[in-house]
Amino acid sequence: MYALTWNIRSVNTQRTFERRITMQRQYHFDFIGIMEPMQRSRKLEKYRRQSGFAQAIVNTSNKIWAFIYERFDVTVVIDMVWHLTLKLDDIEDHKEFILTLVYAKCDHFARIELCDSLYYLARDMTTPWLGGGDFNVIWDEKEKFGRLPVSLNVVDNFRHCINTCNRTDMGFKGSIYTWWNGRAEEDFISKRLDQVFANMELQLLWPGLEITHLSKIGSDHRPLLIAYNPESVPIKKSFRFLNFWTKHESFKAVVKENWQEDFHANSFILFNYKLKKLKKALSTWRRATFGDIFQKIASLEEVVRAHEAQFELHPTLQNRERLQKVQAELFKYLALEEQFWKQKSGMTWFTDGDRNTKFFHAHVNGKRKRLQLKRIQNNDGDWIEDREEMAIEVVKFFEA
């Protein structure tokens with residue numbers, strides 16, 4: 001399954017039109033949300049026909065278009081100026097989900113109206129729910145570069161809105177910034193305005209869903225590619241306790257809160273119950289507190305490079321403070337990465353600060369290679385090296 005959300009200001013250009021056709025041929029999207037089409041209905045209808053979509057649904061303001069493939073039955077749930085919400089029934093898989101396409105304004109009161117509408121949707125929502133588009137606000141202050149500092153009140157209000165709706169930021173691959181104002185030097189501004197959120201039911205329906213920020217060709221916004229391949233569902237990894245968790249200020253409180261029992265049983269059952277409860281709580285806490293440290297490092301490295309370039313052009317006290325702040329955040333995650341690989345490699349003789357994650361990584365890969373099974377011997381004494389033949393022989397051995 002492939003889908004796309006894209007805020008296209010230059011929808012009428014031939015370059016953008018050709019790119020949409022090229023992407024459709026490459027990914028064969030099941031559905032697409034296009035924001036801010038500026039009444040270019042002829043271009044969009046031409047795109048629908050050439051891309052093979054069975055239907056196009058437009059919201060009241062004609063600013064949000066949804067192109068849906070023929071495998072879905074579609075019902076309009078809410079049609080508003082700021083978002084279009086649809087219920088999609090998959091005829092082939094007999095599954096349904098809610099799709100919300102967002103095109104938010106910068107206006108504070110318009111954003112309140114959008115959040116109120118999302119609250120209304122989330123009240124009794126048990127259906128898988130996917131929402132994406134241009135929210136016109138960032139999730140974290142590091143997701144903006146250039147000009148005036150971020151208003152933390154606006155960021156906090158947006159987070160409160162999403163968290164109250166029990167939706168999760170699905171993360172991303174690629175550049176941290178999805179929008180650029182088209183200017184340079186002191187007027188340069190980039191932000192992550194385009195995002196994808198989902199509730200837990202959607203994540204269970206499509207485990208391993210990935211969001212990729214594509215290049216900004218033909219628009220000032222990056223298209224967001226939503227991809228799910230049911231044939232390559234990631235293997236559920238076993239729980240692994242990471243030592244650096246204990247250094248976080250909220251760790252002990254999480255353990256204390258979840259080491260409480262609310263029933264009476266023998267000691268073994270209570271201990272087993274506490275472990276399972278704590279494991280689940282720590283997994284949720286880890287995602288909220290640390291996230292994907294490797295993606296964080298990649299994003300922060302891009303942020304640091306942008307601030308370094310800005311400071312070189314304008315070495316002001318304010319730009320230096322901003323650079324130092326993001327550098328400190330990057331160093332924090334680099335230290336976490338070092339501790340992760342040190343624990344994973346089992347090498348405890350390195351002192352703190354000997355940051356050599358490539359060495360740790362190589363050591364772990366070496367252990368994996370040594371543990372790999374390259375060949376086996378069958379009952380006749382013959383050595384087998386082909387992977388499929390090895391698998392068949394192993395099954396025969398245990399069936400005997």
* So which of Phe29, Phe67 is within 23 Å of His221 (Cα to Cα), in contact with a helix residue (DSSP H, G or I) (Cβ under 9 Å, 6 or more places away or on another chain) and assigned to a loop (DSSP other than H, G, I, E, B)? -> Phe29
* Asked: Can you tell me which of Phe340, Phe331 is in contact (Cβ under 8 Å) with a residue 24 or more places away in the chain and under 30 Å from Arg167 (Cα atoms)?
  -> Phe340
* **Selection from segment 104-147 of residues that are of a type in the set (Asp, Glu), farther than 15 Å from His160 by Cβ and not in a strand (DSSP E or B)** => Asp107, Glu113, Asp124, Glu141, Glu143
* If you check every pair at least six apart or on different chains, which have Cβ atoms under 8 Å apart with a residue in segment 286-303 that is without any contact (Cβ under 8 Å) to a residue 40 or more places away in the chain first and a residue that is aliphatic (A, V, I, L, M) and in a helix (DSSP H, G or I) second? -> Glu301/Leu330
* Cys165 being open to solvent by less than 10 Å² (accessible area, probe 1.4 Å) and not hydroxyl-bearing (Ser, Thr, Tyr) -> yes
* What number of residues within segment 38-73 satisfy the criterion of being in contact with a Lys or Arg (Cβ under 7 Å, 6 or more places away or on another chain) and of a type outside the set (Ser, Thr, Tyr)? -> 2
* May I ask you to list pairs of residues, at least six apart or on different chains, whose Cβ atoms are under 9 Å apart, with the first in segment 365-388 being within 30 Å of Gln343 (Cα to Cα) and open to solvent by less than 100 Å² (accessible area, probe 1.4 Å) and the second being at pLDDT below 80 and part of a loop (DSSP other than H, G, I, E, B)? => Lys367/Gly346
* To do: Determine the pairs where a residue that is closer than 22 Å to Leu130 by Cα, located within segment 32-49, has a partner that is at pLDDT below 75 and surrounded by fewer than 23 Cβ atoms within 10 Å (Cβ to Cβ) with Cβ atoms under 9 Å apart, the partner being 6 or more residues away or on another chain.
  => Glu36/Arg9; Pro37/Asn12; Pro37/Lys43
* Asked: Which one of these is farther than 25 Å from Thr212 by Cα and not hydrophobic (A, V, I, L, M, F, W, C): Gln318, Gln295?
  -> Gln318
* To do: Search segment 206-220 for residues that are closer than 20 Å to Glu18 by Cβ and acidic (Asp, Glu) and pair each with any residue that is open to solvent by 40 Å² or more (accessible area, probe 1.4 Å) and in a strand (DSSP E or B) when their beta-carbon atoms are under 9 Å apart and the residues are at least 6 apart or on different chains.
  => Asp220/Trp179; Asp220/Trp180
* Look through Ile98, Ile78 and report the one residue that is surrounded by 18 or more Cβ atoms within 10 Å (Cβ to Cβ) and either assigned to a strand (DSSP E or B) or at pLDDT 90 or above (or both). => Ile98
* Only residues that are open to solvent by 40 Å² or more (accessible area, probe 1.4 Å) and touching a residue at least 40 places away in the same chain (Cβ under 8 Å): list them for segment 81-95, please. => Lys87, Lys95
* To do: Considering only segment 163-180, state which residues are under 26 Å from Gly146 (Cβ atoms) and touching a residue at least 40 places away in the same chain (Cβ under 8 Å).
  => Met170, Gly171, Phe172, Lys173, Gly174, Ser175, Ile176, Tyr177, Thr178, Trp179, Trp180
* Structure fact -> In segment 258-270, anything surrounded by 12 or more Cβ atoms within 10 Å (Cβ to Cβ) and either in a helix (DSSP H, G or I) or within 27 Å of the chain's Cα centre (by Cα) (or both) is listed as Asn258, Ile269, Leu270
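The values are calculated or read from the model by the stated rules, or taken from the named source; none is laboratory data. Predicted model only: the values in this text are computed from it and were never measured. Because the Cβ atoms are built from the backbone with ideal geometry, glycine has one as well, and the counts that use them run over all protein chains shown. In case anyone asks, the SASA skips ligands and DNA or RNA and just uses the protein heavy atoms, side chains included. Shrake-Rupley method; radii C 1.70, N 1.55, O 1.52, S 1.80 Å.
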